[in-house]
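Below is one structure; the comments refer to it alone.
The values are calculated or read from the model by the stated rules, or taken from the named source; none is laboratory data. Quick caveat: nothing in here was measured; it's all calculated off a predicted structure. We place every Cβ from the backbone using ideal geometry, glycine too, and count neighbours over all the protein chains shown. These area figures cover heavy atoms from the full protein model, side chains too; ligands, DNA and RNA do not enter into them. Shrake-Rupley method; radii C 1.70, N 1.55, O 1.52, S 1.80 Å.
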Amino acid sequence: MMQYSGKSVYRGIVLGPVFVLKNHDTQVRRRKISDAEAEIEEVRKAGIKAREQLKKLYDKAIKEVGESGAAIFEVHQMMLEDEDYLDSIHNMIRTQMVNAAYAVAATCDNFAEMFSGMDDDYMKARAADVKDISNRLIRILEGNEETDLSSMEPSVIVADDLSPSETVQMDKEKILGFVTVHGSTNSHTAILARTMNIPALIGAPFNIEEIHTGMMAVVDGYKGEVIFEPDEEQCAQAKAKMEEEQEKLRLLEGMKGQKSITKDGRSVHIYANIGNVGDVGYVLENDAEGIGLFRSEFLYLGRDSFPTEEEQFQAYKQVAQMMAGKKVIIRTLDIGADKQADYFNLGKEDNPAMGYRAIRICLKQPDIFKTQLRALLRATMFGNISIMYPMITAVEEVQRIFEIVKEVQKELDDAGIPYKYPEQGIMIETPAAVMVSDELARLVDFFSIGTNDLTQYTLAIDRQNEKLDDFYNPHHKAILRMIKMVAESAHRHQKWVGICGELGADLDLTEEFVTMGIDELSVAPSMVLKIRKAVRDMNISGE
Ligand code: PEP
Ligand code: MG
């Protein structure tokens, strides 16, 4: 039995088998070798195996996404046979007498840097491919082969750390819980765990080498504890707690179909946050009145190239249709900071959270933005879609956004493609936006307060930095005053205001938010009924 404490990001409990996910980006160790030719033979064998894997992926992708989506796996097979790439690996092994995995990693870095430095966008994008094929070879060489996650039993995922793009690729039906050694409670991986309603623990100081796939584990998000190889008594306790939890959930069932209205008659909309189409099931299951934040950037993660207009259109249309007329607020892509996709070629930044991200990318690279806007506008025909823009700091940004939206509308008009005029709002997640919220409120239809970033920028605390979790205090008076100020600005101009950051689900503040006049709370689907119950139990006039 091995027991560790960590930081809980979702209060729930589970008992199940472990699946160890090795971090692909961990540093490859350099070893001195004595037989270069034997090492080169290992590279050759790994190459054959990698091509076999890619062939299978190609066949699967052809069936699921068609020829254009599958083509990348063919390109990867060809890249694995590229003479310059292979020569570089072989030379490094022969001249430096180093292990094959190290030679692949070093060659990968050199090639990726070379591609990123090219002017041509197509060639730039090859940097992501070379990393992908090299990681595949390294995994094979190191015996950490990609396990077929699709054949995985429902499991507790154990990893050193998980990036949002790794998380987004997983088959959510099969994840019972997460446990990681690193990570911050405010990261997007933690947010994904909350959306998926699964017990998750981060910052648990275990040695991943001692944990093996197939071991049993209890993840207790209430206590903030993981137990690997629990004894009989611990298993029995966990099972009893899981039953208790089921019972509590059954009690909340009574909240379904009820209005979210206080005893003295003030109603609040309770919407849910999602990351992709698959999450809509959780939204419906928990009877949310709408979707208050669809983080569309997740459509861009975990892949090698930009999603096409058609792919995006299908995703937005599907969500709108599944929500059958209920409001769906889709946020335009908020890529950057911890949400990285290599093919964007954003480059290394000293301060990525304060860097080239979100609306800044969209305004600087309007082609990317316009593709998304076209897909969004086309999808307005299939439901009740609103568009929301992230990371706004100034009035001029909103004016420029609206100019671009008009250009896209004109293109659609000229092509005779139908769309409806959507409600358009902005996220208030920078102190600058708070301070000019009065002016911003004149321009837009609604505000949604992103307390995750607002806390990070106001308190000068990187939300990704696990060392600062204790200082990250969204209850800080500064934040609560800002929320109040934003609500007043919105209402002065008859606009509605919501909260879609994690603080919106904080039951200790629900009454304060309703009293401030917040019109909407958008929370993880699992929190919808709990918040509804809190709203129905309160009486804000005190009479
Ligand atoms: C926020 O910043 O509060 C927010 C909702 O957006 P994200 O967490 O995706 O940055
Ligand atoms: Mg944000």
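For region 331-342, the criterion of a residue being in contact with a Gly (Cβ under 7 Å, 6 or more places away or on another chain), in the same structural domain as R400 (by TED's automatic domain parsing) and not aliphatic (A, V, I, L, M) is satisfied by at least one position. For the residues A112, A106, A70, A127, the requirement of being assigned to a helix (DSSP H, G or I) and more than 30 Å from Q365 (Cβ to Cβ) singles out A106.
The set of residues from region 334-344 being in a loop (DSSP other than H, G, I, E, B), within 12 Å of ligand 2 (Cβ to nearest atom) and under 17 Å from F306 (Cα atoms) comprises D334, I335. On inspection, I479 qualifies as over 26 Å from Q258 (Cβ atoms), part of a helix (DSSP H, G or I) and open to solvent by less than 70 Å² (accessible area, probe 1.4 Å). Residues in region 355-377 that are farther than 18 Å from Q424 by Cα and of a type in the set (S, T, Y): Y356 only.
Across region 61-92, the number of residues qualifying as touching a helix residue (DSSP H, G or I) at 6+ places or on another chain (Cβ under 8 Å) and at pLDDT below 90 comes to 9. Screening region 427-446 for residues that are in a strand (DSSP E or B) and within 12 Å of ligand 1 (Cβ to nearest atom) and picking the one that is surrounded by the fewest Cβ atoms within 10 Å (Cβ to Cβ) gives M427.
Pairs linking a residue in region 330-346 that is modelled with pLDDT under 95 and within 9 Å of ligand 1 (Cβ to nearest atom) to a residue that is open to solvent by less than 10 Å² (accessible area, probe 1.4 Å) and of a type in the set (D, E, K, R), with Cβ atoms under 6 Å and 6 or more positions apart or on different chains, are A337/R357; K339/E297.
Pairs needed: first member in region 422-439, farther than 15 Å from A487 by Cβ; second member anywhere, more than 16 Å from ligand 1 (Cβ to nearest atom) and open to solvent by 40 Å² or more (accessible area, probe 1.4 Å); C-beta distance under 8 Å; at least 6 residues apart or different chains. Pairs found: E423/D445; Q424/F402; Q424/D445. Can you tell me how many residues in region 386-420 are open to solvent by less than 10 Å² (accessible area, probe 1.4 Å) and under 29 Å from the mean Cα position of the chain (by Cα)? Going through region 386-420 one residue at a time, the tally reaches 12.
Test Q424 against the stated conditions and say whether it is within 24 Å of F446 (Cβ to Cβ) and open to solvent by 10 Å² or more (accessible area, probe 1.4 Å). Walk me through it before giving the result.
Details: within 24 Å of F446 (Cβ to Cβ): yes; open to solvent by 10 Å² or more (accessible area, probe 1.4 Å): yes.
Yes: the conditions hold for Q424.
Quick check, is I274 away from ligand 2 (no atom under 16 Å from the Cβ) and either surrounded by 15 or more Cβ atoms within 10 Å (Cβ to Cβ) or at negative phi (or both)? Answer is no for this residue. In region 194-209, the residues that are in the same structural domain as D220 (by TED's automatic domain parsing) reach residues that are assigned to a loop (DSSP other than H, G, I, E, B) and open to solvent by 20 Å² or more (accessible area, probe 1.4 Å) with C-beta atoms within less than 6 angstrom, at least six apart or across chains, in these pairs: L201/G6; I202/G6; G203/G6; A204/G6; I208/D160.
I'm trying to understand the selection: among the residues of region 95-121, which are under 14 Å from G347 (Cβ atoms) and touching a Lys or Arg at 6+ places or on another chain (Cβ under 8 Å)? Of everything in region 95-121, those that are under 14 Å from G347 (Cβ atoms) and touching a Lys or Arg at 6+ places or on another chain (Cβ under 8 Å) turn out to be A112, F115, S116, M118.
Taking Q365 as meeting all but one of (1) farther than 30 Å from N135 by Cβ; (2) open to solvent by 40 Å² or more (accessible area, probe 1.4 Å); (3) out of contact with any Asp or Glu (no Cβ under 9 Å at 6 or more places or on another chain), write down the number of the exception. Just one mismatch for Q365, condition (1).
Yes/no matrix, rows are residues, columns are (1) in contact with a helix residue (DSSP H, G or I) (Cβ under 7 Å, 6 or more places away or on another chain); (2) open to solvent by 10 Å² or more (accessible area, probe 1.4 Å):
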residue: R303; (1), (2): no, yes
residue: E309; (1), (2): yes, yes
residue: F313; (1), (2): yes, yes
residue: Y316; (1), (2): yes, no
residue: V319; (1), (2): yes, no
residue: K326; (1), (2): no, yes
residue: I330; (1), (2): yes, no
residue: D338; (1), (2): yes, yes
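Filtered by the rule that a residue be open to solvent by less than 30 Å² (accessible area, probe 1.4 Å), farther than 16 Å from I499 by Cα and either basic (K, R) or touching a residue at least 40 places away in the same chain (Cβ under 8 Å) (or both), region 454-471 gives R463, D469.
Conditions (1) in a loop (DSSP other than H, G, I, E, B); (2) farther than 22 Å from M391 by Cβ; (3) within 12 Å of ligand 1 (Cβ to nearest atom), marked per residue:
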| site | (1), (2), (3) |
| --- | --- |
| S305 | yes, yes, no |
| F313 | no, yes, no |
| Q318 | no, yes, no |
| A324 | yes, yes, no |
| V328 | no, no, no |
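Residue-level check: of (1) among the polar types (S, T, N, Q); (2) more than 13 Å from the chain's Cα centre (by Cα); (3) within 16 Å of ligand 2 (Cβ to nearest atom), Q365 misses just (3). Looking at region 268-299 only, could you name the residues that are among the small types (G, A, S) and modelled with pLDDT of 95 or more? A272, A288, G290, G292, S296 - these are the residues of region 268-299 that are among the small types (G, A, S) and modelled with pLDDT of 95 or more. Restricting attention to region 204-237 and to residues that are within 22 Å of A190 (Cβ to Cβ) and of a type in the set (G, A, S), the residue that is surrounded by the fewest Cβ atoms within 10 Å (Cβ to Cβ) turns out to be G224.
Count, please, the residues in region 151-168 that happen to be modelled with pLDDT of 75 or more and part of a loop (DSSP other than H, G, I, E, B).
5
So that you can scan it fast, the table gives a plain yes or no per residue for (1) among the aromatic types (F, W, Y); (2) closer than 17 Å to I335 by Cβ; (3) free of Cβ contacts under 8 Å to residues at least 60 places away in the same chain:
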| position | (1), (2), (3) |
| --- | --- |
| L363 | no, yes, yes |
| T371 | no, yes, no |
| R374 | no, no, no |
| A441 | no, no, yes |
| V444 | no, no, yes |
